[in-house]
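J.: Before anything else, here's the structure in question.
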Amino acid sequence: MTIKVLQGKHIVLGVTGSIAAYKAVALASHLVQAGAVVDVIMTEAAMKLIQPLSFQAITHRQVQTDMFHLLAETEIGHVTLAKQADLLVIAPATANILARLAHGLADDMLSTTALATAAPILVAPAMETGMWENPATQENVARLKERGVVVVGPEPGYLASGASGLGRMTEPEALVEHIRMVLGARGDLAGRRLVVTAGGTHEPFDPVRFVGNHSSGKMGYALAEAARDRGAQVTLISGPTALTPPLGVNFTQVRTAQQMRDAVFAALPDADALIMAAAVADYRPVVAAEHKLKKTADSLILELQRNPDILAEVAQWQATSRPNLVVVGFAAESEDLIANAWAKLEKKRLDLIVANPVPETFGEDRSQAILINREGGMIQLDPLPKIDVAERILDRVSELIIDKGN
Ligand code: C5P
């Protein structure tokens with residue numbers, strides 16, 4: 001599946017002579033599948049471990065191995081690649097390449113490209129623990145970080161030698177997340193602070209049981225991920241879900257509506273926008289028993305009481321404290337979708353409401369959303385993957401943040 005922040009981006013992938021070089025094939029594959037254009041540069045040592053053909057087959061582009069090989073007619077390879085690159089990733093990065101980068105050596109295709117490029121550089125070190133911990137390597141890494149090089153890993157775990165320790169290359173999937181963050185850092189939401197809520201809340205009536213709903217959290221998590229990819233600092237406040245929080249977001253786990261309210265208000269003071277994608281339970285049991293309820297009676301009546309309406313409270317707070325905060329709500333409706341969504345937008349004084357028909361969208365990977373703004377403007381989206389719906393919502397949020405004078 002293509003990923004917007006990677007779509008059409010030119011990534012130069014430097015592969016050096018660590019045994020983790022085979023994992024760089026998977027990394028190249030993930031990047032290509034996500035829509036990036038990947039040019040691989042291999043060092044001499046890398047080619048002793050893995051064939052250029054592996055990368056060539058995946059990237060559909062010629063692998064660069066020789067500094068003196070002209071790319072096309074008279075194009076000088078390292079200069080061309082250095083100019084074209086949106087990002088230079090070196091994965092795996094050996095102690096040797098870290099030392100050469102730190103000292104500005106330029107004696108092969110990869111080191112010359114690294115020296116020539118103005119693109120951001122991300123390195124994923126992989127080596128034996130002793131080499132990593134050696135003061136020489138640590139000094140080189142510190143120097144590279146000072147210059148703005150992003151260093152990801154190494155991770156602890158099993159090493160090629162059979163030993164266990166710090167030195168494993170970060171896994172390709174996690175590297176893709178880091179790459180997305182680096183590429184997104186200059187996106188249209190750079191420097192903006194977004195608070196996103198996700199999932200349903202669980203309202204307990206004894207220590208093991210609760211009243212809840214079918215919300216999967218997928219929409220809120222997609223919003224958090226997409227906002228991060230556009231440079232935002234995201235606080236994701238989530239009820240219980242089966243999802244993994246996206247890398248690089250501030251994550252707050254909550255369970256009940258009251259906990260979610262408290263977490264939202266703790267995050268709001270320096271936020272530019274609040275997106276309430278969570279399906280907050282409107283009611284909670286009056287009593288949460290201390291011990292598990294026994295099935296003695298034939299029927300059980302649960303008495304419920306109203307939960308705080310977080311958005312209604314935010315509207316009140318906002319009127320006096322932060323009129324320029326952008327507030328987005330969701331309306332999951334099984335009937336009169338637009339009329340109900342519009343009524344909610346007015347009542348909760350929202351800037352934008354995302355109307356979803358239920359149960360169709362609950363738990364699904366796709367969503368059929370209608371975006372409605374305060375002026376009554378309406379955008380009906382086709383059924384789209386939630387990550388694409390998230391991008392459309394963020395397009396509006398980005399405009400609203402500016403419109404409200406932030
Ligand atoms: O009123 P209703 O629950 O249908 O409104 C949905 C919107 O209000 C969602 O954005 C949801 O996150 C938010 N909400 C809330 N507090 C509640 C219930 C819903 O902020 N107690």
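The values are calculated or read from the model by the stated rules, or taken from the named source; none is laboratory data. Everything numeric in this text was worked out from a predicted model, so none of it was measured. For neighbour counting, all protein chains shown are included, and Cβ atoms are generated from backbone atoms with ideal geometry for every residue, glycine included. Areas reflect the complete protein model, heavy atoms only, side chains present, ligands, DNA and RNA absent. Shrake-Rupley method; radii C 1.70, N 1.55, O 1.52, S 1.80 Å.
J.: From the list Ile338, Ile379, exactly one residue is over 24 Å from Gln233 (Cα atoms), more than 13 Å from the ligand (Cβ to nearest atom) and touching a Leu at 6+ places or on another chain (Cβ under 6 Å). Which is it? Can you show your working first?
T.: Values: Ile338 fails: touching a Leu at 6+ places or on another chain (Cβ under 6 Å).
When all the criteria are applied, what remains is Ile379.
J.: So, one more: For Asp351, all conditions in the list (1) open to solvent by less than 50 Å² (accessible area, probe 1.4 Å); (2) within 13 Å of the ligand (Cβ to nearest atom); (3) out of contact with any strand residue (DSSP E or B) (no Cβ under 7 Å at 6 or more places or on another chain) hold save one; what is the number of the exception?
T.: (3)
J.: Consider the range 146-180. How many of its residues are open to solvent by 50 Å² or more (accessible area, probe 1.4 Å), in contact (Cβ under 8 Å) with a residue 12 or more places away in the chain and either touching an Asp or Glu at 6+ places or on another chain (Cβ under 9 Å) or among the hydroxyl-bearing types (Ser, Thr, Tyr) (or both)?
T.: Count: 6.
J.: Can you tell me which of Gly212, Gly199 is buried (at least 23 other Cβ atoms within 10 Å of the Cβ) and more than 19 Å from Asp272 (Cβ to Cβ)? Steps first, please.
T.: Numbers: Gly212 fails: buried (at least 23 other Cβ atoms within 10 Å of the Cβ).
Going through Gly212, Gly199 in turn, just one is buried (at least 23 other Cβ atoms within 10 Å of the Cβ) and more than 19 Å from Asp272 (Cβ to Cβ): Gly199.
J.: Please work out which residue is modelled with the lowest pLDDT, limiting yourself to the range 64-86 and to residues that are within 15 Å of His10 (Cα to Cα) and surrounded by fewer than 21 Cβ atoms within 10 Å (Cβ to Cβ).
T.: Of everything passing the filter in the range 64-86, Val79 is modelled with the lowest pLDDT.
J.: Would you be able to tell me the number of residues in the range 239-264 that are open to solvent by 50 Å² or more (accessible area, probe 1.4 Å), touching an Asp or Glu at 6+ places or on another chain (Cβ under 8 Å) and more than 10 Å from the ligand (Cβ to nearest atom)?
T.: 2
J.: Sort through Gly212, Gly200 and tell me the only one that's under 30 Å from Arg322 (Cβ atoms) and not β-branched (Val, Ile, Thr).
T.: Gly200
J.: Being within 9 Å of the ligand (Cβ to nearest atom) and of a type in the set (D, E, K, R) narrows it down to one of Glu360, Glu333, so name that one.
T.: Details: Glu360 fails: within 9 Å of the ligand (Cβ to nearest atom).
Checking each option against the conditions leaves just Glu333.
J.: Now a separate question. List the residue pairs whose Cβ atoms are under 7 Å apart, where the first residue sits in the range 387-406 and is within 17 Å of Gln7 (Cβ to Cβ), the second is basic (Lys, Arg) and modelled with pLDDT of 95 or more, and the two are 6 or more positions apart or on different chains.
T.: Filtered contacts from the range 387-406: Leu394/Arg230.
J.: List pairs: first residue in the range 16-45 and closer than 12 Å to Ile58 by Cβ, second residue open to solvent by 20 Å² or more (accessible area, probe 1.4 Å) and among the polar types (S, T, N, Q) anywhere in the structure, Cβ distance under 6 angstrom, at least six positions apart or on different chains.
T.: Note: pairs meeting the criteria are Val25/Ser54.
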